[in-house]
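Every read-out reported here was derived from the displayed coordinates using simple, explicitly stated rules and does not represent laboratory data. Not measured: the values here are computed from a predicted model. A quick note on method: Cβ atoms are made from the backbone with ideal geometry, for glycine too, and the neighbour counts reach across all protein chains shown.
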């Protein structure tokens, strides 16, 4: 698998469509950072690391409000074959009104709101709303 972030996004999207309480994702440090951002922005309930057969797995507990999923859509932007970088000024222009974008910056993975506050640009990973 070449794009582990896209794999995680698809797993979250599919689990949301069938109203699963949680989904499991193979562990990586980047995914852990992304899940921290999604938790801070209230797109997921929580996540935890589970040891299974000597491997780490991230168990992501999904959030539903009034029997509707909080995550409506996720759109991957930067891909392994085509990286997309944005400056701090471009983030505010590309920002979705109802959602956020998740960026990988020199200061770590953060939401578009925090990137604008800290005036930091970086690789635009995905939009979520």
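Against the main long axis of the alpha-carbon atoms of the chain, helix 4-17 sits at an angle near 60°.
Where does helix 29-40 land angle-wise versus the long Cα axis of the chain, in degrees 0 to 90, nearest 10? With both axes taken from Cα atoms, the answer is about 80 degrees.
Listing 10, 25, 70 from the residue with the fewest other Cβ atoms within 10 Å to the one with the most, what is the order?
Ordered from fewest to most neighbouring Cβ atoms within 10 Å, 10, 25, 70 come out as 10, 70, 25.
Quick note on the range 4-128: its Rg to Rh ratio, both from C-alpha atoms and Rh being the Kirkwood radius, is 0.97.
Every helix of 4 or more DSSP H residues in the chain counts as -39500 (n - 2.57), and over all residues that averages to -9000 deg cm²/dmol at 222 nm.
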